[in-house]
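Working notes, structure below.
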Amino acid sequence: MAKKTLKIALVGCGAAAQINHLPSLQRLEDVELVALADRDPEKAARVAQKFGVPTSYTRFEELLANDDIDAVDITTPNYLHAPMAVAALEAGKHVLCERPLARNGAETAAMAKAAKASDRLLMCALQHRFRPDAQLLRKFVDKGDLGEIFLAKGGWLRQKTEWDSDAWRAQKRESGGGVVLDLGFQMLDLSLWMLGGPRVESVTASVHRQRKGEVEDSASAFFRLAGGATLTLELTWGLLMEKDFAYVNLFGSGGAALLNPLRVHKAMHGTLVNVTPTLETSRNQYKHSVEAQLGHFADVLRKGVKPLGTAEEILPVMELMDAVYRSAEQGKEVRLD
């Protein structure tokens, strides 16, 4: 049976909250945005007023003491994800946390443990899984339309200009890492999810720092999957081209598929057929996916829908992030068995 209105609070009123989370939460039915928290009191008050949120806090502890709140949406810098999620879970709140779930596998494991102990839901915001094109492509793979996939390629090459904004991203203590954790986590999760979650046997990776920064701004990685298939990942924050490239390409014994834009070709009766489905393109895929992700979180709590992206499911991906860094540091393949 569907529960009454879900009361959600958001912590961290930065760009991700204001551009993506807050407008999406406002549009969801049976979800009430009851409070905000940000350590900058002026920002907290201003954003609360702009989005019509009744209460704003500057201390997270005060928000957690509010018994009206069912769930917390965490959109703070990476180093605050684990302590805030654990505190919220221990206070009896369900948690949706922005990606990457934490700075490393150890923090993620502690968060998963806290969720289990408190019997509360901890989900990672993986909006790319909720893109209509990604969900369609996953169905093609599930049905076996591409045959046995032997090669998958994922990448996100982002223009240089956008990433000079958040200072914390360049501080290793606050971010946990550079482009690998930021864009790499999303693309690795999306690629593995598309492939149905195969086991990864080894990782070989290399990272590159353009400036004298603390974190890497480019990286490439090669993953050997159980069954002999391979996955490659290429990432940068420093692309000097007129537009970004973000893609997942899958090549199989029965067909091939490219994501963004979606194209699917399949071998049928001895010929190659374009079987690309038509997508409704009037809506922005990204905005749509953020809203769908938040709606899914609410449906899991209100209607008992099976959750996508729980802490347990994300822990192996975060451990792979650790392996990417380890391989890059050691300059050799890291085996995961």
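The values are calculated or read from the model by the stated rules, or taken from the named source; none is laboratory data. Since this is a predicted model, take the numbers as computed values, not measurements. Cβ: placed from backbone, ideal geometry, glycine included. Neighbour counts: every protein chain shown. Protein only, heavy atoms only, side chains kept; ligands, DNA and RNA dropped before computing areas. Shrake-Rupley method; radii C 1.70, N 1.55, O 1.52, S 1.80 Å.
Taking PHE150, is it touching a residue at least 12 places away in the same chain (Cβ under 8 Å), of a type in the set (Phe, Trp, Tyr) and farther than 21 Å from GLN293 by Cβ? Yes, satisfied.
Among residues of segment 130-147 being surrounded by fewer than 20 Cβ atoms within 10 Å (Cβ to Cβ) and touching an Asp or Glu at 6+ places or on another chain (Cβ under 9 Å), the one that is farthest from PHE223 (Cα to Cα) is PRO132.
Restricting attention to segment 231-246, the residues that are aromatic (Phe, Trp, Tyr) and in contact with a helix residue (DSSP H, G or I) (Cβ under 9 Å, 6 or more places away or on another chain) add up to 1.
Is it true that some residue in segment 238-245 is surrounded by 19 or more Cβ atoms within 10 Å (Cβ to Cβ) and either of a type in the set (A, V, I, L, M, F, W, C) or within 17 Å of the chain's Cα centre (by Cα) (or both)?
Filtering segment 238-245 down to residues surrounded by 19 or more Cβ atoms within 10 Å (Cβ to Cβ) leaves none.
Checked segment 238-245: no residue is surrounded by 19 or more Cβ atoms within 10 Å (Cβ to Cβ) and either of a type in the set (A, V, I, L, M, F, W, C) or within 17 Å of the chain's Cα centre (by Cα) (or both).
Is it fair to say ASP217 is within 30 Å of THR278 (Cβ to Cβ) and touching a residue at least 24 places away in the same chain (Cβ under 8 Å)? Give the steps one after another, and end with the answer.
Numbers: within 30 Å of THR278 (Cβ to Cβ): no; touching a residue at least 24 places away in the same chain (Cβ under 8 Å): yes.
No: the conditions fail for ASP217.
Considering each residue of segment 182-201, count those that are open to solvent by 40 Å² or more (accessible area, probe 1.4 Å) and aliphatic (A, V, I, L, M), and give that number. Number of matching residues: 0.
Determine if segment 271-280 includes at least one residue that is touching a residue at least 40 places away in the same chain (Cβ under 8 Å), buried (at least 18 other Cβ atoms within 10 Å of the Cβ) and not aliphatic (A, V, I, L, M). Among the residues of segment 271-280, not one is touching a residue at least 40 places away in the same chain (Cβ under 8 Å), buried (at least 18 other Cβ atoms within 10 Å of the Cβ) and not aliphatic (A, V, I, L, M), which makes the answer no.
For GLU312, are the conditions met, namely being buried (at least 18 other Cβ atoms within 10 Å of the Cβ) and of a type in the set (Asp, Glu)?
On the way: buried (at least 18 other Cβ atoms within 10 Å of the Cβ): no; of a type in the set (Asp, Glu): yes.
No; evaluated as a whole, the condition is false for this residue.
Here's a check for you: in segment 148-181, which residue that is buried (at least 23 other Cβ atoms within 10 Å of the Cβ) and within 23 Å of ASN249 (Cβ to Cβ) is nearest to the chain's Cα centre (by Cα)? Of everything passing the filter in segment 148-181, LEU181 is nearest to the chain's Cα centre (by Cα). The one condition from (1) touching a Ser or Thr at 6+ places or on another chain (Cβ under 9 Å); (2) part of a helix (DSSP H, G or I) that ALA298 does not meet is (1). Residue selection: GLU280 satisfies the criterion of being over 17 Å from GLY184 (Cα atoms) and part of a loop (DSSP other than H, G, I, E, B).
Take segment 202-228 and flag every residue that is in a loop (DSSP other than H, G, I, E, B) and open to solvent by less than 70 Å² (accessible area, probe 1.4 Å).
Listed by number, the residues that qualify are GLY213, VAL215, GLU216, ASP217, ALA226, GLY228.
Report yes if some residue within segment 254-262 is in contact (Cβ under 8 Å) with a residue 60 or more places away in the chain, assigned to a loop (DSSP other than H, G, I, E, B), within 30 Å of LEU121 (Cβ to Cβ) and touching a strand residue (DSSP E or B) at 6+ places or on another chain (Cβ under 7 Å); otherwise report no. Yes, the conditions are met somewhere in segment 254-262. Among the residues of segment 256-263, is any open to solvent by 80 Å² or more (accessible area, probe 1.4 Å), of a type outside the set (A, V, I, L, M) and farther than 22 Å from ILE74 by Cβ? Checked against the condition, which is being open to solvent by 80 Å² or more (accessible area, probe 1.4 Å), of a type outside the set (A, V, I, L, M) and farther than 22 Å from ILE74 by Cβ, segment 256-263 yields at least one hit. The sole residue among GLY227, GLY238 that is on the phi > 0 side of the Ramachandran plot and modelled with pLDDT under 95 is GLY227.
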